[in-house]
Amino acid sequence: MGSIGSHEVLRLSVNGRSHELLVKPYATLLEILREDLRLTGTKHGCEAGECGACVVLIDGAPQLSCLVLPGQINGSEVTTIEGVTNGSELHPVQQAFMDHGALQCGYCTPGMVLSSVALLESNPAPSREEIKEALSGNLCRCTGYASIIEAVEDAGRSMA
Amino acid sequence: MTNVVTETSSDLRVIGKSLPRVDAVGKLIGLTAYADDMELPNTLYCKLLRSHHPHARVLSIDTSAAKALDGVAAVITGEDLPIKYGIMPTSQDEHALENEKVRFVGDPVAAVAAVDEETALAACRLIKVEYEPLEAIESIEHALLAPSDEPIHDYAGPGNIHRMGALEFGDVDQGFENASHIREDVFFYEGNTHLPMEQHSAIATFVGDQLTLWSSTQNPHYVHRALARVFDMPMGHIRVVAAPHGGGFGGKSDPFSHEMAVCKLAMVTGRPVKCTLTREEVFYVHRGRHPVLMWVRTGVSNDGKILAMHFRTALDGGAYGSYGPASMLYTGALQTTTYNIPAYRFEGVRVFTNKAPCGPKRGHGTPQPRFALELHLDKIAEEIGLDPVELRRRNYVKPYTRTINHLRITSCGIEEVTDQVIEASGFLNRKRRLGHGMGFAISSYMCGAGLPIYWNKLPHSECIIQVNRGGVSLYCGATDIGQGSDTVLATVAAEQLGLQPTDIRITSGDTGLTPVDLGSYSSRVTFMAGNAALQAAHEMRNILVEAVAEKMECSPQEVMVGDGKIGELTFEEAATLAQEKLGVLATRGSYAPPPNIGGKFKASGVGPSPAYSYSAAVVDLDADPYSGEIQLNKVWLAHDIGRSINALAVKGQVEGGVYMGLSEAMMEGQLYRHGLHKQPSMLDYKSFTFFEMPEVDTFLVETVDLEGPYGAKEVGQGPLLPVIPAVASAVHDALGVWIDEVPITPDKIMRALDAKAKGREGRYGPKNFPKISYPSIVKVPPFDASSSPF
């Protein structure tokens, strides 16, 4: 990473598009996405790595973007909720969330969807225990979780 | 209004179906802009400086260094916002920024607007506040004593008492005299918080003389009123918009300091100003579940009939009034909507303490007494050797009756919900073994508060439907906080107009664009806004049908509506035809509860509702006698929904309510040490994850309420209520000890087991209820039956 004054140059691919960004070395990926790139689909619930609302995929793996600093991700590929949809067609996980009522206020949903996408890409037919394990870092206060588990199972079947 | 339910269930095309919510796609693709996602050109960012003292006089505030900091646009203090406000007319006790005294850690004293949050925070650190600490009041017992220096507030009283109430219905003394068995118990319910995923956020503009606030609020109507008061501005110059909402549960129901601050700063700077709370601040803003200490005494006959009940509560209100007067009365109001209590005495008190203010959380003031009441009945049943389900059944209220405290009961599925969970769970034939238990409890909740928070004669909910260019727009002040109110309104309108819910464009929660709705609280939206939407949609249907009938040269009764068609015409053709003929196509609906649903005594405003939902729960769990750990196995929850508007959404509300009930039953607590919140983070404040949540079997009972829209009743709050006592009851079933205090944690179970092993009572909970000088009892005369058929 190069630097200009107190800022650093961050090279990042977000949802398939390359960016060269001038960022503060202590800016979090969450802030970079929401404030610099205006990708506000990534939510914040705590900014301390506790709630999972800010989960994005970094090189395919789910990460809490509120805990990631520029120095950790130079050259990485990031997928946010805005990059999950294929054109105007919902990803099978999004479709299943919709069909199963797996969202209410929707605030945890982007993180929940990305954690689920990551799980199903590595394990298309997870057991209920595996789903719980993969999503246990994502809190939801509305649904009681059951519909989310059903949605992930269903999405796995349609992705298989 | 008259109801327009003409369809039988099989005639319904979209009502009751499991359809996706109308706002699902925007939320799923990350496009829905919540308040903090909004960005206006040239926005400034606001941070509040909050007190680190629980109770202190503010001697001086010096903002000069903060104002001088590069990037700071404005700094304001309490001097700039001198007018007090509060959600309840009787408790206008909050300044947006306090400049005389702070009352809890987190009370705001100054606000900064700067080019970014970092600069605003740096400026806050440069503000010098000189405090003179006062004694901090930290418990109910402490608040009941005479203050050693000064009370937290100089109104109400004596001392730190905020509100008291004492009512009696029927002859309680005589009831106890007639009783063959009398029992007394004491319970405590710890406070807890809503923990919405979204941190509160607000953004304001002041352009010309027009103030606009977008906020993550549940109640734009009440925020609108509070802004008009605080800024002494005409209502017509203020617009409050409820932004798409990231979870409320009651926590975004008050007007808040940060909302006032961004408005004032927008006026001062002429620029948009945004404030988003940190998670830590969300814990301080709170307005959550009151800690409540409860004492209950009940007399029953030989066969288990309740003859008299005396219920006392003491609520720890925290630092401000908030909804407190209502919260206090709610701890005594709804005991009678499940059980026929022929003589009932209630005494309640709410005290001020130097903690974050309490307010309404899902179930508002009723989960605490419900927990106490259900366990108390379990204990009575055990003592008189009666099955706990049977004891309850012998006392259940009947449909279309009047309670002793004058509440009108209409549709009532209490027997049916009981049957559903008892049969499905096998409760009566459960295997008894150490460490395994099942618990049963029931509850009831309002379908909207029968009276508004402030006295006025406006309808509680209004709706406008416009058909224009072939499309339908629905305008209603109701606020979708995630519970699905937009989906309810769209579904009701779609059913009437023969369309799909996604065909209806909804504009809601905007005081500038939508007619009055009081807000998303007291489970009022489906019943009240749903009825307003139904009326408006039905009128629009009639207009379209008449236009088509005229063209088809047939009677309106012959015009079928459905599947996107009105008679032989498509909806778009019919709409165009009617608009060509009549010009603007706009219809309206409004709803106000009937006048006879409650009593006319002082304090009768809390409790009445046009209908009550009923819920029953059975909880199955394993409780480890060696560690006190609880493993939840399964929950059966049956809910009298009246009729489902959207079965998928109803199931979601049931599961969400069960989840929230379990989580607060077992781990949630808003705890303090020396005035400091002990766990103001999502890691330290424990709540259920995927791991803790058990399977939930949901049963919906449709009693088709005669006044509900399509017969619908509420589901947002009711299903939480029976879950908490059912957990405690199941723990007793498993281990033979009573945990009379929420949350039910392993340490409490181990203490109760330890007490039992040492030959003492196998119980954990408060030992005594403090001596409280309640006001003299107001003996309320019986309901005047001539004023109502029941």
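Each reported figure results from applying straightforward, stated rules to the coordinates on display, with no laboratory input. Just so it is clear, the structure is predicted and the values come from calculations on it, not from any experiment. Glycine gets a Cβ as well: all are built from the backbone with ideal geometry, and neighbour counts include every protein chain shown.
Across peptide B:12-24, the mean count of Cβ atoms from other chains lying within 10 Å of each residue's own Cβ comes to 3. The string of couplings for region B:578-584 from the Karplus curve (6.51, -1.76, 1.60, θ = phi - 60°) is 5, 5, 4, 7, 10, x, 3 Hz, one whole number per residue in order, with x for Gly and Pro.
Amide H contacts under 5 Å for B:Glu98: B:Val109, restricted to partners 5 or more places along the chain or on a different chain, H placed in the peptide plane at 1.01 Å from N. For B:Gly484, neighbours were defined as the other residues whose beta-carbon sits under 9 Å from its Cβ, and their charges (Lys and Arg +1, Asp and Glu -1) total -2.
Taking each of B:Lys47/B:Lys252; B:Lys252/B:Lys748; B:Lys47/B:Lys355; B:Lys274/B:Lys361; B:Lys17/B:Lys565; B:Lys128/B:Lys264 in turn, the alpha-carbon distance tops 24 angstrom for B:Lys252/B:Lys748; B:Lys274/B:Lys361. Relative to the Cα centre, the charge distribution of the protein assembly as shown, modelled as +1 at Lys and Arg Cβ and -1 at Asp and Glu Cβ, gives a dipole magnitude of about 1720 debye.
Report the charge-dipole magnitude of region A:92-159 in Debye, nearest 20, computed about the Cα centre from +1 at each Lys and Arg Cβ and -1 at each Asp and Glu Cβ. It would help to have the intermediate numbers written out before the result.
Working: 4 positive and 8 negative charges, 38 e Å.
That gives a dipole near 180 debye.
Shape analysis of chain A places it in the prolate category; the axes a ≥ b ≥ c from the Cα gyration tensor give an a/c of at least 1.5, with a/b above b/c. Excluding same-chain neighbours fewer than eight residues apart, the aspartates and glutamates reachable from B:Lys101 by a Cα-Cα span under 13 Å are B:Glu79, B:Asp93, B:Glu130, B:Glu132, B:Glu135, B:Glu150, B:Asp154. Measure out, as a whole number of angstrom, how far apart the alpha-carbon centroids of region B:538-567 and region A:5-51 sit. Going from one Cα centre to the other spans 55 Å. Using a/c under 1.5 as the rounded threshold, could you call chain B rounded, prolate or oblate? The axes a ≥ b ≥ c are square roots of the C-alpha gyration tensor eigenvalues, and prolate needs a/b larger than b/c, oblate otherwise. Oblate is the answer for chain B, as a/c is 1.5 or above yet b/c matches or exceeds a/b.
Summing Cβ point charges (Lys, Arg +1; Asp, Glu -1) relative to the Cα centre of chain B gives a dipole of roughly 1140 debye. Which of A:Ala151, A:Val117, A:Gly106 sits farthest toward the positive end of the charge dipole of region A:92-159, with +1 on the Cβ of Lys and Arg and -1 on the Cβ of Asp and Glu? Positive-most Cα among the choices belongs to A:Gly106. Inter-chain Cβ neighbour count for B:678-688, averaged per residue, equals 3 (cutoff 10 Å, partner chain atoms only).
Working note: Cα gyration tensor of the protein assembly as shown, eigenvalues times five, square-rooted, sorted largest first, giving semi-axes of 40, 36, 30 Å. Shielding value for A:45-52 is 6, the average number of Cβ atoms from other chains within 10 Å of each residue's Cβ.
Once you order the gyration tensor axes a ≥ b ≥ c over the Cα atoms, which shape class does region A:43-82 get: rounded for a/c under 1.5, otherwise prolate or oblate by comparing a/b with b/c?
Oblate, because a/c is 1.5 or more while a/b does not exceed b/c.
Per-peptide packing, taken as the mean over residues of other Cβ atoms within 10 Å, places B:286-298, B:390-402 in the sequence B:286-298, B:390-402 from highest down. Per residue of chain B, the DSSP helices (runs of n ≥ 4 H) give a summed -39500 (n - 2.57) that works out to -8000 deg cm²/dmol at 222 nm. Restricting attention to chain B, close to 75% of DSSP beta bridges with both partner residues there are antiparallel. Sorted largest first, the principal axis extents computed over the alpha-carbon atoms of region A:92-159 equal 27, 22, 17 Å.
What order do you get for B:Lys713, B:Lys379, B:Lys651, B:Lys27 when you list them from fewest to most C-beta neighbours inside 10 Å?
The fewest-first ordering by Cβ neighbours comes to B:Lys379, B:Lys651, B:Lys27, B:Lys713.
Report the Stokes-Einstein translational diffusion coefficient (µm² s⁻¹, integer) for region B:666-785, Rh taken as the Kirkwood radius over Cα pairs, at 25 °C with viscosity 0.890 mPa s.
129
With just the Cα atoms defining each centre, how far is region B:333-404 from region B:441-520? Give it in Å. Measuring centre to centre over Cα atoms gives 31 Å. When each of the peptides B:513-520, A:26-33 is scored by how many other beta carbons lie within 10 Å of its residues on average, the order from highest to lowest is B:513-520, A:26-33. With θ taken as phi - 60° and the Karplus curve 6.51 cos²θ - 1.76 cosθ + 1.60 applied, the whole-hertz 3J(HN,Hα) list for region B:507-512 is 10, 9, x, 9, 5, x Hz, x standing for glycine and proline. The alpha carbon centroids of region B:626-652 and region B:257-324 are separated by 25 Å. Taking θ as phi - 60° and the Karplus parameters 6.51, -1.76 and 1.60, the scalar couplings of region B:646-659 work out to 9, 5, 5, 5, 5, 4, x, 5, 5, 4, x, x, 4, 4 Hz in sequence order, x denoting glycine and proline.
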